[in-house]
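First the structure, in the form of structure tokens, and then the observations on it.
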């Protein structure tokens, strides 16, 4: 029974990979919308950061958050719509789909973003306290770096001269934070797909229910999700390594390669988000009959 369930999870994952690839290939707007979002969000954040009036800065930052909630609601709705029939969705106007989902989901998604950030902040506080108790305080790093700045010592030189016991403290903090960051994001992988479920639940309770559904879904499909994570980390690492390679001394060639790598990163990031949504839709009830040509349940 367990073996059959694992086999089914991987089968659904492979089908979801195909469906996600179709959705991204047939719907270029899924890639265009994140680009527009990044541009507009950066404008709001820069305006907020440059303003010398606190109230004005706060208004811009609140607008940035509301814009993020609205965009997330609309874009995630577009992703779900693309599963129905990727080729036909391409011919449909995307803005009506976007704004329809903004109206339906902005409250639950906005509350979900607040809850997500609050949990991340709470986790950081807990891990900081835990790391301090286990490994010791990092106050010495701040003091030493301030002194090093006055004497002109670089960070690389500073860390080379650190004694072994202090390096162990730094490594301990790094390992604990990286591990906790991975576990948190791993368990919350399907938080937003669960949040976008069309249910009759109270809109104010949906973010809390989505957390529970995401964690339960991760454990029900643990091995398949782990395999997906490993592959995505490998591809991301490979792209990062390629980005740091200098292919030519000619600036124009390197610029063209940088643009190509940016597009690959962008398409891969969108593909992974679409895959997460599709896999959740296909397998959230852990049923074998949820793998169709268009990724819909029978």
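Rule-based calculations on the coordinates, nothing more; no lab input. None of these values were measured; they are calculated from a predicted model. Here the Cβ positions follow ideal geometry from the backbone for every residue, glycine too, while neighbour counts run over all protein chains shown.
Below are the figures for this structure:
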| quantity | calculated |
| --- | --- |
| Helix 29-50 axis, angle to the chain major axis (alpha carbon atoms, nearest 10°) | 40 degrees |
| Nearest 10 degrees, 0 to 90: helix 251-283 Cα axis against the chain principal axis | 50 degrees |
| For 268, 262, order by how many other beta-carbon atoms lie within 10 Å, fewest first | 262, 268 |
| Radius of gyration and Dmax over the Cα atoms of the stretch 39-123, both given in Å | 15.8, 49 |
| Ranking of 9, 236, 16 by count of other Cβ atoms within 10 Å, fewest first | 236, 9, 16 |
| Residues 15, 100, 4 arranged by fewest to most Cβ contacts within 10 Å | 4, 100, 15 |
| Whole-percent pair-distance distribution, where bins are 5 Å wide, for the alpha carbons of the stretch 1-88 | 3, 13, 15, 14, 12, 11, 10, 8, 7, 4, 2, 1, 0 |
| Choice from 49, 224, 20 with maximal GNM fluctuation in the chain (Cα, 10 Å cutoff) | 49 |
| Choice from 203, 125, 17 with maximal GNM fluctuation in the chain (Cα, 10 Å cutoff) | 125 |
| Fluctuation leader among 158, 181, 168 - the chain, Gaussian network, Cα springs under 10 angstrom | 158 |
| Helix 139-151 axis, angle to the chain major axis (alpha carbon atoms, nearest 10°) | 60 degrees |
| Two-decimal ratio, the chain, of alpha-carbon radius of gyration to 2.2 N^0.38 Å | 1.17 |
| Over the chain: helical MRE at 222 nm, DSSP H runs n ≥ 4 each giving -39500 (n - 2.57), nearest 500 | -28000 deg cm²/dmol |
| Contact order normalised by residue count of the chain, Cα under 8 Å, 6+ apart, percent | 29 percent |
